[in-house]
1. Each label point is 7 Å from the Cα along the Cα-to-Cβ direction; what then is the distance between the points at residue 202 and residue 402, in nm?
2. Check residue 670: other-chain or 5+ apart residues with amide H under 5 Å from its amide H, H built from backbone geometry?
3. Once the Cα atoms of region 1-130 are picked out, what are the Rg and Dmax in Å?
4. Apply the Karplus curve 6.51 cos²θ - 1.76 cosθ + 1.60, θ = phi - 60°, to the phi angles in region 713-728 and return the couplings in whole Hz, x for Gly and Pro.
5. Going highest first, how would you order 739-748, 156-165 by mean Cβ packing within 10 Å?
6. Tabulate in residue order the Karplus-calculated ³J(HN,Hα) for region 411-425, using 6.51 cos²θ - 1.76 cosθ + 1.60 with θ = phi - 60°, rounded to whole Hz; enter x for Gly and Pro.
7. Under 17 Å Cα-Cα from residue 370, which aspartates and glutamates qualify once same-chain neighbours fewer than 8 residues away are excluded?
8. Give the lysines reachable from residue 526 as a straight Cα distance under 20 Å; neighbours fewer than 8 places away on the same chain don't count.
Amino acid sequence: MATATNLGFPRIGANRELKKAVEAYWSGKSSGENLLAAASDIRRSNWRLQADAGIEQIPTGDFSFYDHVLDTAFLFDLIPKRFRELKPASDLDLYFLMARGLAGGQQTQALEMTKWFDTNYHYLVPEIGSDQHFTLARNTATDHFLEAAQLGYAARPVILGPVSFLWLSKSASDGSKPLHLLDRTRDAYEELLRRLASAGAAWVQMDEPVFAVDWNGRISPAALKQLYEHLAAAAPGVKILLSTYFGPLKENLEVALALPVHGLHLDLVRGPEQLEHALRAAPSGLTLSLGLIDGRNVWRADLARALSVAEQAAAVVSADRIMVAPSCSLLHVPVDLDAEDALEPEVREWLAFGKQKLQEVSLLAAALNKGRKAVETELKENAAVLARRNSSPLVRNPAVRDRISSITAADRSHNSPYSIRKQAQASTLHLPAFPTTTIGSFPQTGQLRRERLRRKNGVIGEEDYKTFIRKEIEYAIRRQEEIGLDVLVHGEAERNDMVEYFGELLEGFAFTKNGWVQSYGSRCVKPPIIYGDVLRRSAMTVDWWSFAQSLTQRPVKGMLTGPVTILQWSFVRDDQPRRDTCMQIALAVRDEVVGLEAAGCRVIQIDEPALREGLPLRAADAPAYLSWAVDCFRIASAGVADSTQIHTHMCYADFNDIVDAIAAMDADVISLESARSQMVLLEAFQKNRYPNELGPGVYDIHSPRIPGSSEMVNLLHRALAVIPPERLWVNPDCGLKTRQWDEVVPALQNMVAAARTLRSSAARDEVSSRR
């Protein structure tokens, strides 16, 4: 009989219970015991939901207080010296110290943060020394398995595999991938498998998403096979399911099929073509886990098509060696559609969230085991929903499509090259050397969230709400003037989220009440759902910018989210190429850019933090993506005069392989996350001779820690080794919405002081040179 399985489930809780519990612990309002109890409640609720949906192998070990990569490092005692030296009072404080740089009243530099493959989930990068010893120091994985087993669930522990873990880590000395330490992981992983076997685990899911990327000779198939031979021998009573996802394995499929594992999971949503090869080459006795339900998007599956794929496998492999599953962990989708009663009914019926996807998995397994006749009613209903979506007038707008077809080369280009634009902007803006600014947002205070909720619930009217927002904007402007920033922002008090806000003002988007997805730690986002053609009918930010600029003589940036980021951080329609949807968004953003300039705005920031995230995992696929992604940014940004300065912002990604594409975007100024990495990423911009202005972040905004001015000066001196002083801006890593004002003000004061120190030093150097 085919088995209905799952690879992982959202850990935040149906109503973000984890966020509330973790933040209460951080603030000292709740104890560690309360946090552990809340975590247990979330796990039990998740297991019950999955069992009720018909899942027969339920994952354990997919829960995390902050991040599962950090959990793996913690499990194996890979704790850098700076954290150990502080001797935190508890394991929880040590864990959160690594994640946030602050815990239990102690602070230091947190681990670097970056994106998990091509998703919007952020993971913490383990730091591994050249003489690192891997030790199984904690029993969390076994404890969670036993917790589920004792409740009667058929549990399958989930472990981040050794190859992927090392791939995602960095050398503590030079920042390279410590893949040469693969053999050193063996003892710790063997001991973990032995403990799980003793606890009664029949299967262990070893997640190795790195099989879906280009290895370029950095991983030895022979060393990999030898390691897995040792792991298989260490606990012969446990069956290892090698779980791969996020794309086809291509040349790595042969390596995977040669490993001594009992099962192989394939993402057949992103790599359907690999099934035929796998069926032909799979060793006798290998179980195939078929990732047939999309774990990355929210649309109902085409069940008839998915079932045909499953039947293709069943014709070759006996049903008892088939698992049916989502394509990847459901970490990337909301928990449950049932609560979304405010969605447009026509759109709602097109959707499936985590719970509904598990029901689709169970239905496919039942169809394999009992035949199509047993699920005939469900298949007919599914086909009818898909047909209604395909023919719905909600999804297509002829005027939008006509405009896309008329885009010209001139629409993609500025009037003049950067060297000329720079002169025009200098004569307009009159900024000092090392100009200071922020990335855009200021703290989303509790009062602000309460007022937003009161407006949503009808307790206050629209005008009262706007009056409150104006006061928040004025507060932000006055604080920035007092701090001494050169280019101000209005603070984005009116925005619930940098993507959701714009989606609410554009046609073609739908929104949920509780469709939360974890971005990192306790930070959750509620991605919009793009179901139809995108159109801007009226201004989205012009009035708020105009009000902010009326309060000050200093320039205020217009703040927009770029088309690629809106695309990447939404659930995107799957009935047309992503490029087409992105072009539609780009034209909508362009209209807003032109509107801001017409209102008098001379500095406009179009954030694209997701540009790198959208890069395909395979190098061969990258040029096509980068071509249309850069095109979309240029369409959005190029409709202004030379004197209007265009900024963009990117963060929490490795930019080494896309610097040429970033240069091709031709923004006048780009701000980057670089504090956690200690400016290391700037080496790529130096090597590629990036021609425009750069603002490398000088402090980490995801940590509540307040760095001193001298620390920022040191980072800026590192930047000056790469960036000429006339092209260097001074700014934080990212927006400040997640921080508190009592953290933001002193940090920005220190940042402004650092910029002034550089100006004084530069002035002294100039005087000396004249002598």
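The values are calculated or read from the model by the stated rules, or taken from the named source; none is laboratory data. Predicted, not measured: the structure shown is a model, and the values here were computed from it. For neighbour counting, all protein chains shown are included, and Cβ atoms are generated from backbone atoms with ideal geometry for every residue, glycine included. These area figures cover heavy atoms from the full protein model, side chains too; ligands, DNA and RNA do not enter into them. Shrake-Rupley method; radii C 1.70, N 1.55, O 1.52, S 1.80 Å.
1. 6.2 nm
2. Amide H neighbours of residue 670: 648, 693, 694, 695.
3. So, for region 1-130, Rg and Dmax equal 16.3, 54 Å respectively.
4. 4, 4, 5, 5, 5, 5, 5, 5, 6, 10, 10, x, x, 6, 10, 9
5. Listed from highest to lowest mean packing, they are 156-165, 739-748.
6. Per residue, the Karplus-derived 3J(HN,Hα) values read 5, 9, 10, 5, 5, 9, x, 4, 4, 7, 4, 4, 5, 5, 6 Hz.
7. 56, 311, 320, 360, 378
8. 19, 20, 115, 355, 357, 456, 513, 737
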